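The values are calculated or read from the model by the stated rules, or taken from the named source; none is laboratory data. Remember, predicted model here, so these are calculated numbers, not experimental data. Positions of Cβ are generated from backbone atoms using ideal geometry, with glycine treated the same way; all protein chains shown enter the neighbour counts. Quick note on the areas: whole protein, heavy atoms, side chains included, nothing else; ligands and nucleic acids left out. Shrake-Rupley method; radii C 1.70, N 1.55, O 1.52, S 1.80 Å.
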Amino acid sequence: MNAPMNPRKLRVTTTSLSGCFGCHMSFLDIDERLLELAALVEFDRSPITDIKHCSQHCDLALVEGGVCNAENVHVLRELRANSKILVAFGACAVNGGLPAQRNHLDVGKCLSQVYRTPDGSATAIPDDPELPLLLDKVYPVNEVVRVDYFLPGCPPSADTIWKFLTDLLTGRTPRIEHPLLKFD
Amino acid sequence: MSDTSNANSFSIDGQRIPFTPGQTILQAALAAGVYIPHLCHHPDLKPHGSCKLCTVIVNGRNGSACTQKAMPGIEVENNTPTLNDRRRVLLQMLFVEGNHFCPGCEKSGNCQLQALAYDLEMVSPHFRHAYPVRPIDTTHPDVWLDLNRCIMCELCVRASRDIDGKNVFMLAGRGAESHIVVNSPSGRLGDSALSIDDAAAHVCPVGAILVKRVGYAVPIGERQFDEQPISRQVDYLARRHIAIVPAAETEER
Ligand code: SF4
Ligand code: SF4
Ligand code: FES
């Protein structure tokens with residue numbers, strides 16, 4: 001990688017909203033290239049560091065997963081407010097993905113169906129205040145905040161992620177094309 | 001260039017394309033190995049001109065390459081950034097107006113809508129998703145219909161009418177309410193005349209009409225558009241034929 005001389009490491013924050021962590025797994029799948037990346041970036045809030053809130057002035061936010069509940073909205077807004085570049089990372093972030101297959105169902109009916117008692121006479125929908133409320137639909141990231149780049153794939157392959165990151169870190173506009181561009 | 005060659009040729013992006021009278025711009029282009037993006041065209045069926053993916057500029061005016069006849073000396077613009085930008089927008093609108101979740105779709109890798117999106121580097125659907133509520137019909141023993149992925153190209157309508165002679169499918173409704181309906185007393189596919197050896201069962205360019213029990217027989221990664229992007233498969237696009245399962249094979253099931 002022909003990275004420019006860069007005295008300051010870029011601050012990267014990552015999160016999985018309504019995702020399966022598959023995109024993060026695929027990210028780790030860049031294997032030994034992680035070492036090369038570690039020389040250039042520093043992780044802020046991320047499942048990798050277990051830091052709970054992102055500091056101001058992150059350079060790059062990778063957002064996995066669509067937006068399915070109130071907590072997702074808060075996390076996403078926090079990342080957007082504190083990051084220069086925000087990336088919809090993976091199929092679910094791009095179009096809601098498989099979780100969005102609930103979008104043609106009514107949430108209320110969905111919950112009562114799932115949590116009703118076996119004889120159907122009553123429901124026991126969890127209502128612990130700790131639990132975030134579900135949104136009416138699962139939304140793609142760009143329907144909630146502004147998104148700078150999209151990286152599709154379920155998950156994007158390690159090579160796709162690497163191509164994207166190296167383009168970005170070397171100051172090019174990221175370009176994902178055949179055979180790296182995949183929606184599945 | 002002699003007079004005869006001029007009389008039977010035109011140009012696409014400056015390249016000379018020979019044609020035989022009666023051919024459309026798209027047919028002549030594909031026969032000459034030149035790719036023009038298209039979705040509702042199929043070599044076995046009459047042109048329809050509805051998806052507009054094949055829009056080119058002919059002597060300065062927009063036209064559908066799949067319906068407009070090739071004429072001597074016309075100058076066609078095709079592979080230009082402006083036209084490809086417009087095509088990408090058309091694709092994005094097709095994606096958001098249906099429910100396209102490729103990771104869970106049996107057609108992924110064989111899908112022409114997806115292949116076009118890859119080829120034109122459509123990385124996001126851009127527009128607000130409509131997430132429409134559309135039915136799935138699994139009543140037929142060999143074929144299922146998932147209108148969530150239908151792009152209303154009417155290839156099934158044309159194949160059923162013009163090849164199978166059955167009129168199983170029809171487009172009903174207007175504007176945003178347009179949808180494919182099935183010609184049967186109950187409106188369900190299982191009660192229609194469709195059989196698995198019909199062209200209409202195999203012609204759908206997306207994952208809306210799918211044959212049952214073959215889902216992942218060809219694994220993801222080894223499918224039609226995995227090796228080469230669609231723009232480099234002109235030969236396949238020009239000459240592919242609707243795969244019709246021989247009747248004997250169907251009876252054995
Ligand atoms: S029909 Fe094509 S674009 Fe739609 S979900 Fe299936 S593979 Fe994706
Ligand atoms: S079902 Fe398939 S072939 Fe028929 S109109 Fe829809 S997309 Fe086209
Ligand atoms: S291929 Fe020409 S309009 Fe669809």
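Worth pointing out:
- Applying the criterion of being open to solvent by 40 Å² or more (accessible area, probe 1.4 Å) and without any contact (Cβ under 8 Å) to a residue 40 or more places away in the chain to the residues of the stretch A:170-184, the residue that is nearest to A:ALA158 (Cα to Cα) is A:LEU180.
- Annotation note: of B:CYS40, B:CYS66, the sole residue that is within 16 Å of ligand 2 (Cβ to nearest atom), within 30 Å of B:ASN8 (Cα to Cα) and touching a strand residue (DSSP E or B) at 6+ places or on another chain (Cβ under 8 Å) is B:CYS66.
- Any hit, the stretch A:99-111, residues being without any contact (Cβ under 8 Å) to a residue 40 or more places away in the chain and assigned to a loop (DSSP other than H, G, I, E, B): yes
- Of all the residues in the stretch B:163-185, those that are touching a residue at least 40 places away in the same chain (Cβ under 8 Å) and over 16 Å from B:ASN148 (Cβ atoms) number 1.
- Qualifying residue in the stretch B:124-146 (condition: among the basic types (Lys, Arg) and either in contact (Cβ under 8 Å) with a residue 60 or more places away in the chain or assigned by TED's automatic domain parsing to the domain that holds B:LEU30 (or both)): no
- A:GLN101 meets the stated requirement of being facing chain B (nearest Cβ under 8 Å) and surrounded by fewer than 21 Cβ atoms within 10 Å (Cβ to Cβ).
- Of all residues in the stretch A:38-96 being part of a loop (DSSP other than H, G, I, E, B) and touching a Cys at 6+ places or on another chain (Cβ under 9 Å), the one that is nearest to the other protein chains (Cβ to nearest Cβ): A:GLY96
- Meets criteria (among the aromatic types (Phe, Trp, Tyr), crowded, with 22+ Cβ neighbours inside 10 Å and either within 14 Å of chain A (Cβ to nearest Cβ) or at negative phi (or both)) for B:TYR131: no
- The test for being part of a helix (DSSP H, G or I), of a type in the set (S, T, N, Q), closer than 23 Å to B:VAL211 by Cβ and not assigned by TED's automatic domain parsing to the domain that holds B:ASN62 does not hold for B:GLN92.
- In the stretch B:59-89, the residues that are open to solvent by 50 Å² or more (accessible area, probe 1.4 Å), over 20 Å from B:GLU121 (Cα atoms) and within 15 Å of ligand 3 (Cβ to nearest atom): B:ASN62, B:THR67, B:GLN68, B:LYS69
- The residue that is farthest from the chain's Cα centre (by Cα), counting only those in the stretch A:47-62 that are open to solvent by less than 80 Å² (accessible area, probe 1.4 Å) and at pLDDT below 95, is A:SER55.
- B:VAL56 meets the conditions (1) part of a loop (DSSP other than H, G, I, E, B); (2) within 23 Å of B:MET122 (Cα to Cα) in every case but one. The failed one is (1).
- For A:TYR149, the conditions (1) over 22 Å from A:GLU177 (Cβ atoms); (2) within 14 Å of chain B (Cβ to nearest Cβ); (3) not small (Gly, Ala, Ser) are fulfilled apart from (1).
- Scanning the stretch A:136-169 for residues that are in a loop (DSSP other than H, G, I, E, B), of a type outside the set (A, V, I, L, M, F, W, C) and open to solvent by less than 30 Å² (accessible area, probe 1.4 Å) yields A:PRO140, A:PRO152, A:GLY153, A:PRO156.
- Residues located in the stretch B:135-183, provided they are within 14 Å of chain A (Cβ to nearest Cβ), surrounded by fewer than 17 Cβ atoms within 10 Å (Cβ to Cβ) and not hydrophobic (A, V, I, L, M, F, W, C): B:PRO135
- Residues satisfying the stated conditions in the stretch A:21-37, i.e. out of contact with any helix residue (DSSP H, G or I) (no Cβ under 9 Å at 6 or more places or on another chain) and either within 18 Å of A:ASP148 (Cα to Cα) or not in a helix (DSSP H, G or I) (or both): A:PHE21, A:GLU32
- Qualifying position, being touching a Leu at 6+ places or on another chain (Cβ under 9 Å), of a type in the set (A, V, I, L, M) and either more than 16 Å from ligand 2 (Cβ to nearest atom) or in the same structural domain as B:HIS129 (by TED's automatic domain parsing) (or both), among B:LEU116, B:LEU83: B:LEU116
Conditions (1) touching an Asp or Glu at 6+ places or on another chain (Cβ under 7 Å); (2) free of Cβ contacts under 8 Å to residues at least 24 places away in the same chain; (3) among the acidic types (Asp, Glu), marked per residue:
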residue: A:CYS58; (1), (2), (3): yes, no, no
residue: A:ALA81; (1), (2), (3): no, yes, no
residue: A:ASP128; (1), (2), (3): no, yes, yes
residue: A:PRO132; (1), (2), (3): yes, no, no
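- Subset of the stretch B:108-119 that is within 10 Å of chain A (Cβ to nearest Cβ) and in a loop (DSSP other than H, G, I, E, B) - its residue that is farthest from ligand 1 (Cβ to nearest atom): B:GLY109
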